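What follows is a short report on a single structure.
The values are calculated or read from the model by the stated rules, or taken from the named source; none is laboratory data. Predicted model, so just to flag it, every value in this text is computed and none were measured. For neighbour counting, all protein chains shown are included, and Cβ atoms are generated from backbone atoms with ideal geometry for every residue, glycine included. The area values use the complete protein model at the heavy-atom level, side chains included, leaving out ligands, DNA and RNA. Shrake-Rupley method; radii C 1.70, N 1.55, O 1.52, S 1.80 Å.
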Amino acid sequence: MQDTTKPMVIAIEEHFTDSQITGLAPDNRPAAIVKKLEDRVARRIKEMDEAGVDMQVISHGAPAL
């Protein structure tokens, strides 16, 4: 349940990647970065909790559609 005594923190400049899309073009990013961007649940939620972020607006990073 959301704590109504503090404002909601929404991160709007967040990105993810989908392996089916990134597989269509060469990807020069380090594997550790790609793995982190592909995780849209477990690690992301943990890091959001640690940073006090309540919600993220995510968009697909490069290569974009």
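The table for this structure:
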{"read-out": "Amide proton proximity set for E14, modelled H, under 5 Å, gap of 5+", "value": "V57, S59"}
{"read-out": "Karplus-derived 3J(HN,Hα), 6.51/-1.76/1.60, for each residue of region 53-59, Hz, glycine and proline x", "value": "8, 8, 8, 10, 9, 10, 9"}
{"read-out": "HN-Hα J in Hz across region 22-39 - Karplus 6.51, -1.76, 1.60, θ = phi - 60°, x for Gly and Pro", "value": "5, x, 7, 9, x, 10, 8, 6, x, 4, 5, 5, 4, 4, 5, 5, 6, 7"}
{"read-out": "Partner aspartates and glutamates for K46 [C-alpha distance under 19 Å; skip if fewer than 8 residues away on the same chain]", "value": "D3, E13, E14, E38, D54"}
{"read-out": "Solvent-accessible surface (1.4 angstrom probe) belonging to M55, in square angstrom, nearest 10", "value": "80"}
{"read-out": "Å² per residue, accessible surface of the chain at 1.4 Å", "value": "78"}
{"read-out": "Within the accessible area of the chain (1.4 Å probe), percent carbon and sulfur", "value": "61"}
{"read-out": "Backbone N within region 1-36 under 19 Å of label point (7 Å from A62 Cα along the Cβ vector)", "value": "13-36"}
{"read-out": "Label-to-label distance, nm, for residues given as I45 and I21 (7 Å Cα→Cβ offset)", "value": "2.2"}
{"read-out": "Under the Karplus curve 6.51 cos²θ - 1.76 cosθ + 1.60, θ = phi - 60°, whole-Hz ³J(HN,Hα) for region 7-12, x wherever Gly or Pro sits", "value": "x, 6, 9, 10, 8, 10"}
